[in-house]
Amino acid sequence: MLLAYFPRFLQNICIFTYDFFLTLFNLVAPKRRVGSVTPHGSPGAGGKWPKFIPPKEGDKRSPCPALNALANHGILPRDGQNIKFADLDRHVRNTYNFAPTFPTFTALFVAQYLNKNYNTDTCDLAEIGLHNTGIEHDASLLRQDVKFDPDQGVPYLPFIDELLASASGKDANGNRLLTVADLSRYSAKRRAEARATNPDFVLDKQHKAFGSSNCSGLLTIFGGRVADLELILKEERFPDGWESRVLSRMGMTFMKLNLTVFKLERGIKEEDYTHA
Ligand code: HEM
């Protein structure tokens, strides 16, 4: 990919300009049809996912449920190794109905923090979880901090149960939904707890933004649907028939995602969980 040879600032100008136009296009273009969100010919089209096989001894996994699910279904290599950046980019885009901008930006960023060449090198899922220098940070919602769980590849079920139990929303059919306010509250609690219990705790502004951006994926791509998230977060597995809840023709853009990210981050009141 040509963009990978551009300096970072030029990459960003190109990606964010394109993102702006895709956002405008999405406003006027007809939405994708429910049942046909995953592109024809891509794994998962029509809700038919390749077989789920949990990771075996020696397989690599990341702190990201969305990437691990791709490996558990064989969309990325099942052993989580030798992943081409272009494949990461393409499969994140097609599986989750992201606009091309988010996956490309993220894959380029991963290549950059791993000191690798997007076009010629590969990475493994565990490497993607590089602590603090990369995207991975303390006070996550689905994993204990690196201090207590250096591996980061396996979901921490007590956190996930607590998060899902906090869901206060309901859809028209009475199904339980996580809301922005639920995510803000649980993020605040996790930040306060981690700050109090982890002697190595660090969470800078950039990593707060990454955290809220990841959590926004739970609300947008997964629609906050608790029944789906039970399987996706705990087993890193797609329910049969699952597809992205984002129906935009060109997929979820950065601009659109950031509306949720800002609301979520603004609602985080860590002081509510800090006991003197
Ligand atoms: C190339 C694409 C992606 C990369 C490189 C990536 C990487 C990561 C990393 C490193 C983390 C750990 C952050 C932490 O410490 O909490 C993470 C967490 C997460 N990611 Fe991804 N991710 C990608 C795509 C996605 C997508 C498409 C979604 C949603 C559909 C998603 C949802 C999440 C969620 C929910 C978490 C957990 C956040 C938490 O525990 O607080 N990611 N991701």
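Tabulated data for the structure shown
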| read-out | value |
| --- | --- |
| Cβ-placed point charges (K, R +1; D, E -1), dipole of the chain about Cα centre in debye, nearest 20 | 980 debye |
| Loop-located trypsin sites (Lys or Arg not before Pro) in region 196-261, at most 11 other Cβ atoms within 10 Å (DSSP) | none |
| Rounded if a/c under 1.5, otherwise prolate or oblate - region 1-143, Cα gyration tensor axes | oblate |
| Probe 1.4 Å, accessible area per residue of the chain, Å² | 49 Å² |
| Ordering of 40-49, 63-72, 2-11, 117-126 by packing [mean C-beta count within 10 Å, highest first] | 63-72, 117-126, 40-49, 2-11 |
| Within the accessible area of the chain (1.4 Å probe), percent carbon and sulfur | 58 percent |
| Region 196-222 and region 76-146: distance between their alpha carbon centers, rounded to Å | 16 Å |
| Efficiency of FRET between D79 and D240 - r from beta-carbon atoms, R0 25 angstrom, step 0.05 | 0.55 |
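The values are calculated or read from the model by the stated rules, or taken from the named source; none is laboratory data. Just so we're clear, the structure is a prediction, and the values are computed from it rather than from any experiment. Quick reminder, even Gly has a Cβ in these numbers, built from the backbone with ideal geometry, and neighbours come from all protein chains shown. Ligands, DNA and RNA are stripped out before the accessible areas are found, and what is left, the full protein with its side chains, is counted by its heavy atoms. Shrake-Rupley method; radii C 1.70, N 1.55, O 1.52, S 1.80 Å.
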